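The values are calculated or read from the model by the stated rules, or taken from the named source; none is laboratory data. All of these numbers come straight from a predicted model, not from anything done at the bench. Glycine also receives a Cβ, built like all others from the backbone with ideal geometry; neighbour counts cover every protein chain displayed. When the accessible area is computed, the model is the full protein with side chains, heavy atoms only, and any ligands, DNA or RNA have been set aside. Shrake-Rupley method; radii C 1.70, N 1.55, O 1.52, S 1.80 Å.
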Amino acid sequence: MPSTLTVAEPYLIQQDWSAYTPEQHAVWQELVSRRMPQLREHACQEYLDGFVQIGLREDSIPNLAEVNRRLGPLTGWNATPVSGFLPPDAFFEMLAARQFPTTTWLRNRESMEYTPEPDIFHDVLGHVPMHAHPVFADFLQQYGRTCARIMHDKDALERMGRLFWFTVEFGVIRQQGRIKLYGSGLISSHGESTYVIQGGPEIRDWNLNQVLNQTVNVSEMQPVLYAVESFEQIFEAAQEAEALLCR
Ligand SMILES: [Fe+2]
């Protein structure tokens, strides 16, 4: 159990991997096998590489201890089991410590496409493969550190929330002239991804000032997304945001 966390400590749990039922593993398999054809074609290469590097499998729910045995040596990140939604200060404390708050429950067959709260499918299939990429890994830690510094400033924190939304959750990247997905909200959702692939949203070139001021409606398909040209661009954006907002 990590010892460096204080605010987040009450939310840390153990994943009881042996308690998952065959039905739950079957739901995982169905969820992953539904997503993979589209992801192989439309996810960015860094995501697909990360998926293999951290040893995700289609046929069983990830054992986080095994994921971390592979992920830790790559970037120092951990998928750390938590009980559910974290308050912001606990969430940022974990990101700053390279620990990704990871839920362990899995949706059931009645909500295959959408759950209001993140589950292990969204958190691990959606988020964790990108944490194997060194630049994305540094970006996410930098993001957590900055947010931890501006906890007192509601307006600055709201702007940082938009940076998270348009990168970590709904990020797209231009690779070889094509739009590729890396945001977890896209990776883990067939509907959201299909909407992007079919040209639904306006895809704008990355612009940090626009991102920080772009209001978000979480309950609709995204009308605007911002495409980066490289992951260095979001790392630099996190540093710029810190310089702008930490006053
Ligand atoms: Fe997420």
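What number comes out for accessible area per residue over the chain if the probe is 1.4 Å? Units Å², please. Intermediate results must be reported in sequence, preceding the final value.
Details: 11150 Å² over 247 residues.
Averaged over the residues of the chain, the accessible area is 45 Å².
Out of segment 1-59, which trypsin sites (Lys or Arg not before Pro) are coil in DSSP terms and have no more than 16 other C-beta atoms within 10 Å? Please report the intermediate quantities before stating the final value.
Working: sites: 34, 35, 40, 57; in loops: 57.
Counting only loop positions with at most 16 other Cβ atoms within 10 Å, the trypsin sites (Lys or Arg not before Pro) in segment 1-59 are 57.
Go through 33, 83 and list them by solvent-accessible area, largest first, probe radius 1.4 Å.
Final ranking, largest accessible area leading: 83, 33.
Leaving ligands, DNA and RNA out of it, report the carbon-plus-sulfur percent of the accessible area of segment 97-247 at a 1.4 Å probe.
Details: 3070 of 6380 Å².
Summing carbon and sulfur atoms, their accessible area is 48 percent of the total for segment 97-247.
Mind checking which of 246, 96, 52 is farthest towards the positive end of the chain's charge dipole, using Cβ charges of +1 (Lys, Arg) and -1 (Asp, Glu) about the Cα centre?
Of the listed residues, the answer is 52.
From the helices alone, meaning DSSP H stretches of at least four residues, give me the mean residue ellipticity at 222 nm for the chain, per-run term -39500 (n - 2.57), in deg cm²/dmol to the nearest 500.
-13500 deg cm²/dmol
Calculate the all-directions average of the projected area of segment 58-145's alpha-carbon convex hull, and give it in nm². It would help to have the intermediate numbers written out before the result.
Working: hull surface 23.6 nm².
That works out to 5.9 nm².
Starting from a Cα-only point model with no solvent, please compute log10 I(q)/I(0) by Debye for segment 122-161 at q = 0.26 1/Å.
Log-scaled intensity ratios, in q order: -0.84.
Rounded if a/c is under 1.5, else prolate if a/b is larger than b/c, else oblate: which is segment 162-239, with a ≥ b ≥ c the root eigenvalues of its Cα gyration tensor?
Working: a/c = 1.63, a/b = 1.21, b/c = 1.35.
Verdict is oblate for segment 162-239.
Around residue 157, under 11 Å between beta carbons, what's the net of Lys plus Arg minus Asp minus Glu among the other residues?
Working: positive: 149, 154, 159, 162; negative: 89, 153, 155, 158.
Neighbourhood net charge equals 0.
Please give the charge dipole size of the chain, origin at the Cα centre, charges +1 on K and R Cβ atoms and -1 on D and E Cβ atoms. Round to the nearest 20 debye. Mind dumping the intermediate values first?
On the way: 19 positive and 31 negative charges, 58 e Å.
The calculated dipole for the chain is roughly 280 debye.
How long are the semi-axes of the ellipsoid equivalent to segment 1-102, from square roots of 5 times the Cα gyration tensor eigenvalues, in whole Å, largest first?
Details: eigenvalues 129, 62, 32 Å².
They are 25, 18, 13 Å, listed largest first.
Can you run the Rg to Rh ratio on segment 26-177? Use alpha carbon positions and the Kirkwood inverse-distance Rh. Numbers along the way, then the final one.
On the way: Rg = 15.4 Å, Rh = 16.1 Å.
Here Rg/Rh amounts to 0.95.
I'd like the antiparallel share, as a percent to the nearest 5, of DSSP beta bridges with both residues in the chain.
Details: 5 of 16 bridges.
Restricted to the chain, the bridges split so that about 30 percent are antiparallel.
Under unit Cβ charges (Lys, Arg +1; Asp, Glu -1), what dipole magnitude, rounded to 20 debye, does segment 155-247 have relative to its Cα centre? List each step's numbers first, then the result.
Numbers: 7 positive and 12 negative charges, 37 e Å.
Magnitude of the dipole: close to 180 debye.
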